[in-house]
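For reference, the structure discussed in these notes is given below.
Please treat every number below as a calculation from the coordinates, not as lab data. As the structure is a prediction and not an experimental result, all values here were calculated from the model. No Cβ is skipped: glycine too gets one built from the backbone with ideal geometry, and neighbour counts run over all protein chains shown.
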Amino acid sequence: MHATRTPLQIWFWGAYLVSTQTPGMSALQFQRQLGLSRYETAFQLLHKLRAGMVRPDRDRIGAQWPIELDEALVGGKTRSEGRGIHHKVYVAGAVEVRQKQDKRGRRDAYAGRLRLQVLNDRGKRSLETFVTDNIEPHSHITTDGWQGYDNLATRGYDHQSVVLDGDPEKTEKVLPMIHLVFSNLKAWLLGTHHGVSAQHLPAYLDEFVFRFNRRFYPMTAFDSVLGIGTRVPGPTYDALYTGQWHHSATSAKT
């Protein structure tokens, strides 16, 4: 926001809209709501605000709460380029499984803090880097039986691996939270944004995580995006399109 040519009232109104509207906003909707003449201005403003959705000093999740960990293919659809060819990328996800007690004393599980990150691949090195960067050591982590998670115990984590064999009932029982997260993420990308390119997907992951972790406190989200936005640099339009800008949820930053 430093040295911006955009009026401050536009910044405040934009930050309010992007942080409090439950489904989020596409750049075209954003342009219309703010009365901006150029789509490119709305697109860049949105990405600047997304840069303010990640605390530079954010801590790792886990510790006292168990973690569900998985990875999924996220992104565009095949464009008539032959079977097996797609424009999707791997995204790793980790979510805390917390407990709350209702008035009758029953304890119900709900999703706590979330972390998402684009991966170069789903190999051991990529997955272990995601885990060590985002999850506190000694945390209890549940995964499926994929071999990419085999070394988590030697990395200092309490790792539980469950072979699912593609059984949806097992998946629902063992990894319900993270699979619901991925389902909601894909629906949000297609429903609100009508698909997202691999180049800019990390920025949308940042926004999704920001919204998810503050879903119970929308006004706190508004304060956060303004506060962080004054402390971190945002991308220029050229940097967004040339690939010089690295979003925080991309593996290139880890």
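Only sites in a loop by DSSP and with at most 14 other Cβ atoms within 10 Å count here; which trypsin sites (Lys or Arg not before Pro) in segment 149-237 make the cut?
Passing sites in segment 149-237 are ARG155, ARG215, ARG231.
Below 13 angstrom from the Cβ of LEU114, what's the summed charge of the other residues (Lys, Arg +1; Asp, Glu -1)?
+3
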Where labels lie 7 Å past Cα in the beta-carbon direction, separation of ARG104 and ASP59 in nm: 3.4 nm
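Using r as the Cβ-Cβ distance of ASP158 and GLN33, and R0 as 41 Å, what FRET efficiency do you calculate, to the nearest 0.05? Provide the component values of the computation, followed by the final result.
On the way: r = 46 Å, r/R0 = 1.13.
According to the calculation, E is roughly 0.35.
How would THR143, THR22 line up from fewest to most surrounding beta-carbon atoms within 10 angstrom?
On the way: THR143 25, THR22 8.
Lowest count first: THR22, THR143.
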Of SER139, SER183, how do they rank once you tally other Cβ atoms within 10 Å and put the fewest first? SER183, SER139
Quick shape check on the chain: root eigenvalues a ≥ b ≥ c of the Cα gyration tensor, a/c under 1.5 is rounded, otherwise prolate if a/b tops b/c, else oblate, and it reads prolate
Built amide H within the under 5 Å cut-off of GLN117, gap 5+: ALA92
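Antiparallel as a % of all DSSP beta bridges within segment 67-185, to the nearest 5?
On the way: 20 of 27 bridges.
Once the DSSP bridges in segment 67-185 are tallied, antiparallel ones form about 75 percent.
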Sort segment 174-223 into rounded, prolate or oblate with this rule: let a ≥ b ≥ c be the square roots of the eigenvalues of the Cα gyration tensor; rounded if a/c is under 1.5, and if a/c is not under 1.5, prolate when a/b is larger than b/c, oblate otherwise. oblate
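Please tell me which of these pairs span more than 21 angstrom C-alpha to C-alpha: LYS88/LYS186; LYS100/LYS186; LYS100/LYS173? Present the calculation step by step, with values, prior to reporting the outcome.
Numbers: LYS88/LYS186 11 Å; LYS100/LYS186 27 Å; LYS100/LYS173 19 Å.
Violating the 21 Å Cα-Cα cut-off are LYS100/LYS186.
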How big is the antiparallel share of DSSP beta bridges in the chain, given as a percent to the nearest 5? 70 percent
